[in-house]
1. Which count do you get for residues in segment 1-52 that are touching a His at 6+ places or on another chain (Cβ under 8 Å) and on the phi > 0 side of the Ramachandran plot?
2. Does HIS131 satisfy being touching a residue at least 60 places away in the same chain (Cβ under 8 Å) and touching a Gly at 6+ places or on another chain (Cβ under 7 Å)?
3. State yes or no: is LEU41 more than 15 Å from the chain's Cα centre (by Cα), of a type outside the set (Ser, Thr, Tyr) and crowded, with 18+ Cβ neighbours inside 10 Å?
4. Which of the residues belonging to segment 158-192 are surrounded by fewer than 17 Cβ atoms within 10 Å (Cβ to Cβ) and either part of a helix (DSSP H, G or I) or acidic (Asp, Glu) (or both)?
5. VAL52: in contact (Cβ under 8 Å) with a residue 60 or more places away in the chain, crowded, with 19+ Cβ neighbours inside 10 Å, under 21 Å from PRO133 (Cα atoms) and aliphatic (A, V, I, L, M), yes or no?
6. Condition check: among the basic types (Lys, Arg) and within 26 Å of THR25 (Cα to Cα). Does ARG154 satisfy that?
7. Among the residues of segment 68-113, write down those that are of a type in the set (Lys, Arg) and either in contact with an Asp or Glu (Cβ under 9 Å, 6 or more places away or on another chain) or at pLDDT below 95 (or both).
8. Among (1) in a strand (DSSP E or B); (2) over 17 Å from GLN13 (Cβ atoms); (3) not acidic (Asp, Glu), where does GLY130 come up short?
Amino acid sequence: MNITPIVTGPFQQNCYLVWKVPAQTLVVDPGHDADRILSDLEENGAGVSAYVCTHGHADHITALAELHAQHPAPVAMHSLDRSWAFGPHNRIEPYYSVPTPPETERWLALETQRDWTIGDLHFQCIETPGHSPGSCCLYFPGDDILISGDTLFRGSCGRTDLPGGNPTQLKDSLNRLKQLPDTTRVFPGHGPDTTIGIERLTNFYMQ
């Protein structure tokens, strides 16, 4: 499996292109800089099999509508976050205005099943509320890779002081991630990658 991080926007958010064959690429968290993401897709000769959003905050979904207009595909997001992600409260002024929803009827609710196969990629949806009500992590067991969104960062974790945040839920979610193998490579929503083993040993919030 191939995974390409693309750092986007004023908050340096990580969008990920995930693929085994370029024609069936997953685009995870298209946060900003749609032109740059499109350029990387086209450079790889990629087709989009789906867009997957780990959560609904504006810095993770602002480029979604523009990308979808160029490469239509199903959009997956937890229903609890989809309910507000394109509404008036999801703005981070002056950096992000309210995201435009994609013109699609092909919505996939991540919470409806644990195991997903999209194109030639298989992943498990791990519900990890706390940073937002519908935060999810994507675990690719065959490759021992976790895309953690804003639940877990290298040396830190997601904030809980935004609307819908819940520190008790986040603590439970981090404990859930601790059950993954220490070798699991973690690709977070911001910052550099890490492993579950490193975070279990060094991350205060995983103690």
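The values are calculated or read from the model by the stated rules, or taken from the named source; none is laboratory data. Since this is a predicted model, take the numbers as computed values, not measurements. Methodologically, a virtual Cβ is constructed for each residue, glycine included, from the backbone with ideal geometry; neighbour enumeration extends over all protein chains shown.
1. Residues that pass the stated criteria total 3.
2. Details: touching a residue at least 60 places away in the same chain (Cβ under 8 Å): yes; touching a Gly at 6+ places or on another chain (Cβ under 7 Å): yes.
Yes: the conditions hold for HIS131.
3. Values: more than 15 Å from the chain's Cα centre (by Cα): yes; of a type outside the set (Ser, Thr, Tyr): yes; crowded, with 18+ Cβ neighbours inside 10 Å: yes.
When the stated conditions are applied, LEU41 passes them.
4. ASP161, PRO167, THR168, LYS171, ASP172, ASN175, ARG176, ASP182
5. Numbers: in contact (Cβ under 8 Å) with a residue 60 or more places away in the chain: yes; crowded, with 19+ Cβ neighbours inside 10 Å: yes; under 21 Å from PRO133 (Cα atoms): yes; aliphatic (A, V, I, L, M): yes.
Answer is yes for this residue.
6. Details: among the basic types (Lys, Arg): yes; within 26 Å of THR25 (Cα to Cα): yes.
Yes: the conditions hold for ARG154.
7. The answer is ARG91, ARG106.
8. For GLY130, the exception is condition (1).
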